[in-house]
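One structure coming up, written as structure tokens, with questions to follow.
The values are calculated or read from the model by the stated rules, or taken from the named source; none is laboratory data. Quantities reported herein were computed from a predicted structural model and do not represent experimental measurements. Every residue, glycine among them, receives a Cβ derived from its backbone with ideal geometry; neighbour counts consider all protein chains shown. Accessible surface areas use protein heavy atoms only, side chains included; no ligands, DNA or RNA. Shrake-Rupley method; radii C 1.70, N 1.55, O 1.52, S 1.80 Å.
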Amino acid sequence: MVRGYFGPAVGALAAMMLSGCIVIESSGGERVVVQSAPTAVAAAPDAYAAVVADPSRPAADVERDALRHPADILAFARVSPGDRIADVRPGGGYFTTLFSLAVGPSGHVYGFIPNRTAERDNATFAPVDERLANASKVNGDLDAASFAFGEPLDVVFMSQEYHDFTIPRFGVDVDRMNARVFDVLKPGGLYILIDHQAAAGTGISVAPTLHRIEGEALKAQVEKAGFVFEGESAALRNPGDDHSLNVFDAAIRGRTDQFVYRFRKPG
């Protein structure tokens, strides 16, 4: 993609945005469909489909769409033109690219890479940073106040990473991490978390072995920081996953039962 190109998707998304105090969503199997949110905006499903269909997306990303349901995730995260988004541990930029197209030239996407994994992750993200005009890399410690984005954010997004940060060897104070996310979001900002579901009652105990976390345990930790739980998308649910396998096991890899939660900073 030519650096600075945003294609027709941004125009479609902007044209189809809806604003108002009551937002009703139905795409992606969202369970909580009504939420009073004066600052929230949503777009019609076709607008997010246009982002996913943008011809500038890398072919390798497009191949992953069937398992990742990107239009549903964008809709659930209420991504809109002009948004400022932090994509935590963005890897090769799958979601970073989608966010870049959706927020357009008036928005910005920060690929946040923790210092602990920066040696490897910075190199992986470098081509994405170079390719996207409205994206940039930020390094820092997740649970420290030493990093900043230079502006309040609309969305902090974390996909399949939260469970790792509960593992002691990662050295992350999760309570401080969630408090820091709360700080960098603007009032009404959203914290979107996707992770592999663990069996009921296991909490965070299987994170080191199965790379899973129980959704209710994660929810309790995030709410402790002051966030309000708004709802869940069923887009990545798989009732055939019994939660007993490591997520990298070939029998379930790529098809795990995943929860998608949306939390809001009050205000």
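Which number in (1) open to solvent by less than 60 Å² (accessible area, probe 1.4 Å); (2) without any contact (Cβ under 8 Å) to a residue 60 or more places away in the chain; (3) more than 23 Å from His69 (Cβ to Cβ) marks the one condition that Leu185 misses?
Exception for Leu185: condition (2).
For Ile204, work out the one condition from (1) of a type outside the set (Asp, Glu); (2) in contact with a helix residue (DSSP H, G or I) (Cβ under 8 Å, 6 or more places away or on another chain); (3) crowded, with 20+ Cβ neighbours inside 10 Å; (4) closer than 19 Å to Arg89 by Cβ it doesn't fulfil.
The failed condition is (3).
Look through the stretch 243-265, keep the residues that are more than 24 Å from Leu74 (Cα to Cα) and free of Cβ contacts under 8 Å to residues at least 12 places away in the same chain, and return whichever of them is least open to solvent (accessible area, probe 1.4 Å).
Ranking the candidates gives Ile252 first.
Got a number for residues in the stretch 97-134 being open to solvent by less than 30 Å² (accessible area, probe 1.4 Å), within 26 Å of Arg169 (Cβ to Cβ) and among the hydrophobic types (A, V, I, L, M, F, W, C)?
Going through the stretch 97-134 one residue at a time, the tally reaches 4.
So which of Asn139, Asn134 is in contact with a His (Cβ under 6 Å, 6 or more places away or on another chain) and closer than 28 Å to Ala60 by Cα?
It is Asn134.
Can you name every residue in the stretch 207-231 that is open to solvent by 20 Å² or more (accessible area, probe 1.4 Å), touching a strand residue (DSSP E or B) at 6+ places or on another chain (Cβ under 9 Å) and either among the acidic types (Asp, Glu) or at pLDDT below 95 (or both)?
Residues satisfying the conditions are Glu214, Glu223.
Taking interchain pairs and intrachain pairs at least six residues apart, which have beta carbon atoms under 6 angstrom, with the first residue in the stretch 213-227 and at positive phi and the second part of a helix (DSSP H, G or I)?
Gly226/Phe182
Does Asp72 satisfy the criteria of being open to solvent by 30 Å² or more (accessible area, probe 1.4 Å), part of a helix (DSSP H, G or I) and modelled with pLDDT of 95 or more?
Yes, satisfied.
Residue under question is Tyr94, and the condition is that it be open to solvent by 20 Å² or more (accessible area, probe 1.4 Å) and closer than 24 Å to Val184 by Cα; does it hold?
The answer is no for Tyr94.
Let me ask something additional. Among helices (runs of 4 or more DSSP H) lying entirely in the stretch 84-180, which contain 2 or more residues that are free of Cβ contacts under 8 Å to residues at least 60 places away in the same chain and among the hydrophobic types (A, V, I, L, M, F, W, C)?
94-103, 118-131
Something else about it: State the number of residues belonging to the stretch 181-198 that are part of a strand (DSSP E or B) and closer than 10 Å to Leu153 by Cβ.
Residues that pass the stated criteria total 5.
Just wondering, is there one or more residues in the stretch 136-144 that are modelled with pLDDT of 95 or more and over 18 Å from the mean Cα position of the chain (by Cα)?
For the stretch 136-144, residues modelled with pLDDT of 95 or more and over 18 Å from the mean Cα position of the chain (by Cα): absent.
Restrict the check to the stretch 233-242 and report whether at least one residue is acidic (Asp, Glu) and surrounded by 13 or more Cβ atoms within 10 Å (Cβ to Cβ).
Yes, there is a match, as at least one residue in the stretch 233-242 is acidic (Asp, Glu) and surrounded by 13 or more Cβ atoms within 10 Å (Cβ to Cβ).
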